[in-house]
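Notes for the one structure printed next.
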Amino acid sequence: MSTPRLLAGSTTAFQLGDQGGVIVRVMVDGSGPFRMLLDTGATHSAITEAVAAVIQAKPIARTTVITPAGETIRAIVAVDRINLGGVTAENVLPSVVPTGAFDPDGKIQGLIGQDVLARLRYTLNFKDRRVEWHDDTPLQQGTTLPLAFEHGRFLVELQQDRCILRLVPDSGSGALVLFEPAGRLSFDIVGGASMVELQSAEGARTARHVRVSALRLGDRIMRDFPVVTIERDTRHWAEGDGLLPLHLFERVTFDGPARMLTLGLAR
């Protein structure tokens, strides 16, 4: 895929999903608009079987996709053009998921991942519900942290009292998720714990909902913070230590070319 083109200074309105997801309207090969997630935690874009049928996309390959719920194999199709507000991406290779994979009613019809987003500069303005596209490094408003780009995902390092967390800044995550070795959590737990079900396009898995005494995000500390933990014997190399939900902040700016992330005030 060539570097996506953008209309500098343009904005794209979005809806905020029940779990904090960023939902935008997307044109695919001239058809649509389709309601899709702008998912900064996804390595690659995806469309549902219904969208693939509308644009008459044919499978050209298969791939293994990693999610918090596990791994799955998906078909890959060729898309000539995706239009997302002021952004145009050409020669995209999204995977195909079952219709209804993102929500029970099938109203969300795909997602835009880092195969499109990684080389762009943009701000997720959760306060005003819009994506602001930048053609140059934007003014920094908040806590700025360096990003690493590994295996198709951005990761940010957060120094804690007893560990360093490497988290995926994830606009598709409803809560802070930590992948923990069985029986160990590197934080002080506040109160009790409850079991929750973590949903993804690949299904669901059981996780534990706790509150930790303090979470450090750069130069700020967030106390009595809710966390979802998933116990695993081993972590996959593409996941880091967990997922940082972005809807917690008023504004989040990605500068892909400069490898920088800026977190605005907490909402």
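Couple of notes before you dig in:
- Each peptide in 50-58, 116-124, 5-13 gets a packing score, the mean of other Cβ atoms within 10 Å over its residues, and the list from highest to lowest is 116-124, 50-58, 5-13.
- Across the alpha-carbon atoms of the range 68-160, the computed radius of gyration and Dmax are 16.0, 44 angstrom.
- Per residue, the chain reaches -500 deg cm²/dmol at 222 nm when only DSSP H runs of four or more residues are counted, each adding -39500 (n - 2.57).
- Calculated diffusion of the range 5-134, Stokes-Einstein form, Kirkwood radius summed over Cα pairs, 37 °C and 0.692 mPa s, µm²/s: 222
- Going by neighbour counts of Cβ atoms within 10 Å, the residues MET36, MET260 line up, fewest first, as MET260, MET36.
- Phi angles across the range 134-148 convert, under the Karplus curve 6.51 cos²θ - 1.76 cosθ + 1.60 with θ = phi - 60°, into 3J(HN,Hα) values of 10, 9, 9, 4, x, 4, 8, 10, x, 8, 9, 10, x, 10, 9 Hz, Gly and Pro given as x.
- Our coupling estimate for the range 213-221, obtained by passing each phi through the Karplus curve with A = 6.51, B = -1.76, C = 1.60 and θ = phi - 60°, is 5, 7, 10, 8, 10, x, 8, 10, 10 Hz, Gly and Pro reported as x.
- Net charge over other residues, Cβ less than 12 angstrom from the Cβ of HIS44 (K, R count +1; D, E count -1): 0
- Reported label for calculated semi-axes √(5λ) of the Cα gyration tensor in Å given (i) 29, 22, 16; (ii) 29, 26, 16; (iii) 50, 19, 17: (i)
- Value of Rg to Rh for the range 1-68 (Rh from inverse mean 1/r over Cα pairs, i.e. Kirkwood): 0.97
- The range 86-120 residues near the modelled ASP80 label - backbone nitrogen below 17 Å, point 7 Å along Cα→Cβ: 88-94
Values in this text are rule-based calculations from the coordinates and carry no lab data. If you're wondering where the values come from, they're calculated on a predicted model, not measured in any experiment. Cβ coordinates were reconstructed from backbone atoms using ideal geometry, including for glycine residues, and neighbour counts include every protein chain displayed.
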